[in-house]
Amino acid sequence: MNHDIIIALDFPSAADVYSFLDQFREEKPYVKIGMELFYAEGPEIVRQIKARGHKIFLDLKLHDIPNTVKSAMRVLSRLDVDMVNLHAAGTVDMMRAALEGLTREDGTRPLLLAVTQLTSTSEERMREELLISASMSDTVRHYARNAKMAGLDGGVCSPLEAALVKEACGPDFATVTPGIRFADSASDDQRRVMTPARARQSGSDYIVVGRPITRSQDPVAAYRRCVKEFLGETAF
């Protein structure tokens, strides 16, 4: 299983993104394009960042009726991204339809991941606002198993649940974990967080890191710190 750091490009415009990426002269980090940036700039931002040599996680979290998601994934399959996602709460049928739509005629496709529970969601809110009576652990485990049943490649979960997802779905089921903070960083609106080193020990294959890198006074140094903590590399 591959391991990597994915930088969340949570910027409002293409100009901000290019200014940020221009700071990386030696590295071509894996990046995440989320709703804010994609809705502001459209598919062209994906093409431009891909042309710069970056791998891309397109984080749009699709969730709709199966046929609509299938059609949307067919459109996204034309973009040269490496990873896309949807909400596991959309049911196994929706996830199977998404996989079918994402797969190109030649059989190739990006990795497809299912979001189990957002890292901003606490167990208390899950029960009181979403009326999910099962525990956080049981819910994440069940959603991950549904995703595997549907043929997906992995799940998006808190690093706190990465190990149980691996246990439930096997070592080849990829775990992508946001909610990553350095030990000296603020948690902001995340509730279930972990450091890069602990995330690797807990079973995370890919970690998504946003503000600790993008809002750092030295983003390149922060990225390199994250690489060392998560991958244990000493090349920098």
Original post:
Mind checking the alpha-carbon convex hull of segment 1-142 and giving the volume per residue in Å³?
Top reply: 140 Å³
Original post:
Name the residues of segment 42-83 whose amide N is less than 15 Å from a point 7 angstrom out from the Cα of residue 15 along the C-beta direction?
Top reply: none
Subject >> Helix-only mean residue ellipticity at 222 nm for the chain, each DSSP H run of n ≥ 4 adding -39500 (n - 2.57), per residue, nearest 500 >> reply: -11500 deg cm²/dmol
Original post:
Placing +1 at every Lys and Arg Cβ and -1 at every Asp and Glu Cβ, with all other atoms neutral, what dipole size does the chain have around its Cα centre, in debye to the nearest 20?
Top reply: 280 debye
Subject >> Alpha-carbon radius of gyration plus Dmax, which is the widest Cα pair, for segment 68-195 in Å >> reply: 15.2, 47
Original post:
Efficiency by 1/(1 + (r/R0)^6): what FRET value for residue 52 and residue 1, r their Cβ-Cβ distance, R0 = 25 Å, to the nearest 0.05?
Top reply: 0.45
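Quick check for you: with a 1.4 Å probe and neighbouring chains kept, what is the accessible area per residue of segment 100-206, in Å²?
Result: 47 Å² per residue.
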Original post:
Taking Cα centroids, how far is segment 127-188 from segment 33-49 in Å?
Top reply: 26 Å
Original post:
Carbon and sulfur: what percent of the chain's accessible surface (1.4 Å probe)?
Top reply: 46 percent
Subject >> Rounded to the nearest 20 debye, dipole of segment 1-135 from Cβ charges on Lys, Arg, Asp, Glu >> reply: 420 debye
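Given a Förster radius of 25 Å and the C-beta distance between residue 167 and residue 127 as r, what FRET efficiency does 1/(1 + (r/R0)^6) yield to the nearest 0.05?
Result of the calculation: an efficiency of 0.60.
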Original post:
residue 63: accessible area at probe 1.4 Å, nearest 10 Å²?
Top reply: 100 Å²
Subject >> Sequence-distant residues sharing a close amide H with residue 111 (under 5 Å, placed H) >> reply: 83, 84
**OP:** Could you pull out the pairs from 32/70; 70/166; 148/228 whose alpha carbons sit more than 24 Å apart here?
**Re:** 70/166; 148/228
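The values are calculated or read from the model by the stated rules, or taken from the named source; none is laboratory data. Remember, it's a predicted structure, so these values are computed and weren't measured experimentally. No Cβ is skipped: glycine too gets one built from the backbone with ideal geometry, and neighbour counts run over all protein chains shown. Heavy atoms of the whole protein, side chains included, go into the accessibility calculation; ligands, DNA and RNA do not. Shrake-Rupley method; radii C 1.70, N 1.55, O 1.52, S 1.80 Å.
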